[in-house]
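Please read the structure below before turning to the comments.
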Amino acid sequence: MKRSNIIILTLAGVGLGVTGYNRLSEAEPVNVHDTPILPPESLSPAMRASLPPFVAGEDVSRQIPPHNAYDPQLGYYHQPCSAWFPYPYDHYDERWGYYRCGTWSRYHSTQAYAHSSPYYRPGLIGMGLGMALGATSTPSTPRPVSSDYARQPSGAPVHGGVPQSQATATRSAFTTRGGFGRTGFFSGFSSGS
């Protein structure tokens, strides 16, 4: 390769680095969890309607997102464990069960929030979350933890999640830059309700 070609390629690389060009676009899937983030469009209508509206700010780690808040770069916020995951809290998959805080359970959650949580809603104790959202079924009682999975089901994706304290750094690694000094783009979700 000629010296002039090497200089041109080097300058092009430096120019792209300085302007912050990043080939990742909003339309490309983000894979911060070793599993693609399930988009809201792929959820059941009831689960999609239960997602709260959320717009991530510049410093997401300083925000207090609502339970099951959705961000395209981080996934869904699970308030009980203060972390982001690729599936919503209590997402159901017939192969593995209900997803919560990176692992699977045989049982639907009967209480989405701890009593000390600012998101705690009385009335969820002793009934499935689906009932609290308007589904008609008989109230259930919490299942004993010992009867749940001792080991996760074979092939089930298990995740460590992105802790809320690391959300800004993780998100910025996947944010596009649009020219000199401009970073980020709008990212949010509204359930339409």
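The values are calculated or read from the model by the stated rules, or taken from the named source; none is laboratory data. It should be emphasised that the depicted structure is a prediction, and the values quoted were computed from it without experimental measurement. Neighbour counts run over all protein chains shown; Cβ positions are idealised from the backbone, glycine included. Heavy atoms of the whole protein, side chains included, go into the accessibility calculation; ligands, DNA and RNA do not. Shrake-Rupley method; radii C 1.70, N 1.55, O 1.52, S 1.80 Å.
General observations
- Difference of contour (0.36 nm per residue) and Cα-Cα distance, Cys101 to Asp34: 22.6 nm
- Sorted on the mean count of surrounding Cβ atoms within 10 Å across their residues, most packed first, peptides 68-75, 99-106, 45-52 read 68-75, 99-106, 45-52.
- Residue list for the stretch 59-80, given a label point 7 angstrom along the Cα-to-Cβ vector of Ser172 and an amide N cut-off under 20 Å: 59-65, 71-75
- Per-residue extension of 0.36 nm, minus the Cα-Cα distance of Asp148 and Ile64, leaves a gain of 27.2 nm for this segment.
- The 1.4 Å probe gives accessible areas that order Asp34, Asp93, largest first, as Asp34, Asp93.
- Gain on full stretching of the segment that runs from Ser165 to Ser42 - 0.36 nm per residue minus C-alpha separation: 41.5 nm
- Between amide H atoms placed 1.01 Å from N, distances below 5 Å from Leu51 occur with no residue 5 or more places distant or on a separate chain.
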